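What follows is a short report on a single structure.
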Amino acid sequence: MVTIKDKVRTFIVDNFLFGDTSYQLADTDSLIENDIIDSTAVLELVAFIEDDFGIAIVDSDVVPANLDSIERLSSFISARAKARAA
Amino acid sequence: MCGFGGYLGSIRDAEALLARMIAAIAHRGPDEQGKFVTPDAGLGHARLSVIGIGDGQQPMFDVSGNLTIAFNGEIFNYLELREGLIAKGRRFRTSSDTEVILHLYDEMGEDCLPLLNGDFAFAIWDNRRRRMVLARDRMGVRPLFYTNKDGVLYFASEIKALMKVPGVSAEIDPIALDQIFTLWAPIAPRTAFRNIHELEPASVMIATQGQVTVKRYWHLDYPHRDAPSTVTNEGDAAEELQALLTDAVRLRMRADVPVGSYLSGGLDSSLVSALAAGMTPRKLQTFSVTFDSAEHDESAFQTEMASALGTHHRTIACRAGDIAGVFPEVIRFAERPIIRTAPAPLYKLSGLVRQAGLKVVLTGEGADEVFAGYDVFKEARVRRFCGRQPASRMRPQLFRRLYPYLPGLQQQSVEYLAAFFGAGNTALDDPLFSHRPRFKTTAAAKIFFSGDLRATLKGYDAAEDLVSQLPQAFSLWHPLHQGQYLDTRFLLPGYILSSQGDRMAMAHGIEGRFPFLDPRLVAFAARLPPEMKLKGLVEKHILRKAAKHLLPTPIWERTKQPYRAPDASSFVGAGELDYVRDCLSEASIAAGGLFNAKAVANLHEKCRTQPVSGFRDNAAFVGILSTQLWQRNFTGQEVGAARAA
């Protein structure tokens with residue numbers, strides 16, 4: 001079964017690492033500090049979450065605390081998905 | 001302005017080799033050619049006649065026949081130097097500035113170099129002392145490269161002339177590539193070509209058969225950060241600045257041909273044009289590039305300025321596809337990979353000047369380094385401000401003010417702004433504090449480096465290499481001066497004056513002149529207290545003050561708009577040129593061996609499908625494409641053949 005974390009990782013590797021699977025990116029590594037995303041890429045992340053998970057993102061959601069690592073992204077998406085299902 | 005080449009050592013067929021070397025750089029000097037050949041030293045010259053048109057042929061000999069010079073550039077204060085030499089009893093046979101150098105060298109040897117106010121590179125064969133003397137101007141306006149082959153020293157204004165030397169071939173220097181993909185340019189004396197070196201700006205090389213020494217004759221220096229400033233009155237400083245700049249322009253109007261001016265619509269070139277317009281009896285001719293895209297175009301300001309000055313104004317449009325159309329030629333002339341396309345419109349602009357029949361133009365380049373005009377200086381100030389209160393949610397909002405022309409940044413949350421600029425993360429005493437985010441963002445493009453290239457580089461760190469080049473006094477300077485030093489010492493000669501400057505102008509035989517780089521002005525600006533240059537978040541404050549009564553209000557009040565051109569979007573989409581597809585094909589990338597072919601294919605596809613890509617992707621796209629073009633042009637790697645294979 002493909003987990004949220006798997007989907008997030010695949011998206012990041014495909015779009016920001018251009019398919020380079022040899023890149024050592026831990027789940028907790030900062031996407032900014034490791035120069036994986038820039039200001040344009042943040043908006044790509046937002047579009048990915050909205051399109052692939054059907055989650056509406058408001059401006060106040062767009063902060064590194066929610067989006068700056070695979071771990072944070074997965075937790076954020078899971079929490080929102082649960083809230084929506086509840 | 002010209003080009004030259006030469007050798008020191010015994011070689012076969014010297015005359016024929018010099019002819020081939022000079023033919024390779026004939027674009028630099030389409031007016032005349034000359035050669036000087038002896039059994040163990042020789043010089044060749046291609047001349048663009050600007051001063052002493054009838055009697056300034058080169059190589060030029062002194063009256064004794066012991067000194068022979070090949071010279072590229074201009075000595076702007078040659079008339080004053082000549083008067084002084086005549087007063088000492090020296091007799092001149094020509095009206096040229098070239099002969100002034102010969103006399104000065106005869107009197108003082110290489111100690112004459114600090115007296116020269118000019119943009120120059122030259123070679124003097126000193127037959128009495130059996131030595132070749134190579135020298136370059138302080139700021140690095142004019143280029144000079146050299147290599148050693150079989151015990152012979154070869155040198156030339158452009159590397160393509162050195163490629164004519166038997167046994168010399170092009171091979172990319174992996175360290176230089178890493179430096180370009182981090183710092184935007186190789187750190188001199190390194191060049192993109194393995195085993196080919198650049199004589200550093202402000203340096204002189206003394207070469208005899210068997211021994212070579214290189215020394216700097218001038219250093220950029222700033223006051224101790226705690227020293228009381230010698231300049232305290234802003235009004236007096238603005239007056240002095242205006243007087244110095246006026247004289248710098250006056251000296252640079254010296255030519256036996258008409259002098260025109262580039263006009264970008266910004267403060268610097270407008271000010272230079274305004275001063276020049278007041279010094280020429282004829283209408284000043286001005287030249288600008290316009291862009292289709294509103295985010296790059298400054299034509300409204302250009303038109304306003306040209307109209308205010310009453311110049312004969314010409315423009316050339318840089319439309320979608322134009323950059324891709326000239327890019328292979330841009331790389332052939334730049335002789336190095338580049339990570340931005342900004343040189344391409346300047347290549348077109350110098351072509352326009354040539355079409356107009358001019359050989360010489362003034363430009364506003366240098367003002368941003370000398371008077372702290374770049375955004376990076378303001379950004380560093382805001383980052384320090386944020387770093388003092390890392391928890392503040394208000395302070396990072398200032399980043400939005402810095403980059404009104406970057407819509408992606410305007411939309412970011414305060415938290416992301418702080419994170420992107422590393423506010424609070426970078427040690428305040430980091431010598432690269434001002435430039436660290438830029439270097440880091442650029443270096444992100446290295447994710448496309450191939451495994452082989454990474455293995456060759458063995459963890460090399462270009463930024464740390466740069467730190468090792470800094471002078472001892474660096475840590476004692478004010479942070480603004482540290483940032484200015486990094487740009488003036490490295491980016492200015494390494495990219496602005498070369499890839500965007502000399503190489504793009506000389507591709508069409510055009511000589512650019514840079515009043516803001518007059519040595520008196522550079523020394524004056526370095527002495528100014530930081531707050532006179534960057535006042536709050538207003539860049540070039542003192543220059544604005546000096547310019548206020550010379551320019552229309554909308555021009556002198558303008559916040560600097562960095563000169564940029566469309567990057568990846570110039571090459572993809574409908575009408576994509578064959579060479580772009582060829583250079584970026586998986587087969588071609590794999591054949592080049594420098595980049596990850598699959599990742600590049602994905603990048604190419606992403607740029608095709610998502611027109612707006614960030615800085616890293618743009619830098620990577622242009623950097624990879626230009627590296628492939630560099631390989632194809634200089635190593636003969638056939639990307640088309642690679643595709644077919």
If you average the C-alpha positions of region B:338-406 and of region B:106-134 separately, how far apart do those two centres end up, in angstrom? 36 Å
Rounded to the nearest 500 deg cm²/dmol, what is the calculated helix-only ellipticity per residue at 222 nm for chain B, with -39500 (n - 2.57) per DSSP H run of length n ≥ 4? -11000 deg cm²/dmol
Most exposed first by the Cβ proxy, i.e. fewest other Cβ within 10 Å, how do B:W218, B:W630 rank? B:W218, B:W630
Note down the magnitude of the dipole of chain B about its Cα centre, charges +1 on Lys and Arg C-beta and -1 on Asp and Glu C-beta and zero elsewhere, to the nearest 20 debye. 580 debye
Mean shadow area of region B:561-611, taken as a quarter of the surface of its Cα convex hull (nm²): 4.5 nm²
From other protein chains only, count the Cβ atoms within 10 Å of every residue's Cβ in A:31-39, then give the mean. 6
List the residues whose amide H sits under 5 Å from the amide H of B:A317, counting only those 5 or more places along or on another chain, with H placed 1.01 Å from N in the peptide plane. B:T290
Which residue, B:L134, B:I206, B:L543, has the largest displacement toward the positive end of the dipole of chain B when charges sit on each Cβ (Lys, Arg +1; Asp, Glu -1)? B:L543
Rounded to the nearest 10 degrees, the helix A:39-53 long axis (Cα) sits at an angle to the longest Cα principal axis of chain A of 50 degrees
Compute the length gained on full extension between B:T246 and B:F385: take 0.36 nm times their separation in residues and subtract their Cα-Cα distance, giving the result in nm to one decimal. 46.4 nm
Work from the charge dipole of the protein assembly as shown (Cβ charges, +1 for Lys and Arg, -1 for Asp and Glu, about the Cα centre) and give the residue of B:Q412, B:G325, B:L517 farthest towards its positive end. B:L517
With a Förster radius of 35 Å, plug the Cβ-Cβ distance of B:R608 and B:Q397 into 1/(1 + (r/R0)^6) and report the FRET value to the nearest 0.05. 0.50
Between the Cα axis of helix A:70-85 and the main Cα principal axis of chain A, the angle (0 to 90°, nearest 10) is 20 degrees
Could you state the number of Å between the C-alpha centres of region B:251-306 and region A:1-54? 47 Å
Taking the Cα-to-Cβ direction at B:R130 and at B:A356 and moving 7 Å from each Cα, how far apart do the two end points lie in nm? 5.2 nm
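Mind checking B:595-606 for the average number of partner chain beta-carbons within 10 Å of each residue's beta-carbon?
Partner Cβ neighbours, averaged per residue: 3.
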Set Lys and Arg Cβ to +1 and Asp and Glu Cβ to -1, take the dipole of the protein assembly as shown about its Cα centre, and tell me which of B:A455, B:V600, B:L352 lies farthest positive. B:L352
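How do A:I49, B:I175, B:I75 line up, fewest other C-beta atoms within 10 Å first?
Sorted ascending by nearby Cβ count, the order is B:I175, A:I49, B:I75.
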Kindly state, to the nearest 0.05, the FRET efficiency for B:R527 paired with A:D52, given R0 = 56 Å and r defined as their beta-carbon distance. 0.45
Report, ordered by chain and residue number, the lysines lying within cross-link reach of B:K160, taken as a straight Cα distance under 26 Å and ignoring same-chain residues fewer than 8 apart. B:K35, B:K149, B:K215, B:K348, B:K359
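List the chymotrypsin sites (Phe, Trp or Tyr not before Pro) in region B:63-103 that DSSP assigns to loop (not H, G, I, E or B) and whose Cβ has at most 10 other Cβ atoms within 10 Å. Which are they?
Hits after loop and neighbour filter: nothing returned.
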Would you tell me the mean number of C-beta atoms belonging to other protein chains that fall within 10 Å of each C-beta in A:8-18, as a whole number? 3
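Ranked highest first by the average count of other Cβ atoms within 10 Å around their residues, in what order do B:316-325, B:261-270, B:193-202, B:462-471 fall? Walk me through the numbers before you get to the answer.
Numbers: B:316-325: 18.1, B:261-270: 26.4, B:193-202: 20.8, B:462-471: 14.6.
Per-residue Cβ counts within 10 Å, averaged per peptide and sorted highest first, yield B:261-270, B:193-202, B:316-325, B:462-471.
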Which ordering of B:R513, B:R138 is given by a fewest-first count of other beta-carbon atoms within 10 Å? B:R138, B:R513
Two pseudo-spin positions, 7 Å from Cα along C-beta at B:T635 and at B:Y405, lie apart in nanometres by 3.5 nm
Relative to a virtual label point 7 Å from the Cα of A:V2 in the Cα→beta-carbon direction, which members of region A:47-86 show backbone nitrogen distances below 13 Å? A:52-53
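Values in this text are rule-based calculations from the coordinates and carry no lab data. Predicted model, so just to flag it, every value in this text is computed and none were measured. Note: ideal-geometry Cβ built from the backbone for every residue, glycine included; neighbour counts use all protein chains shown.
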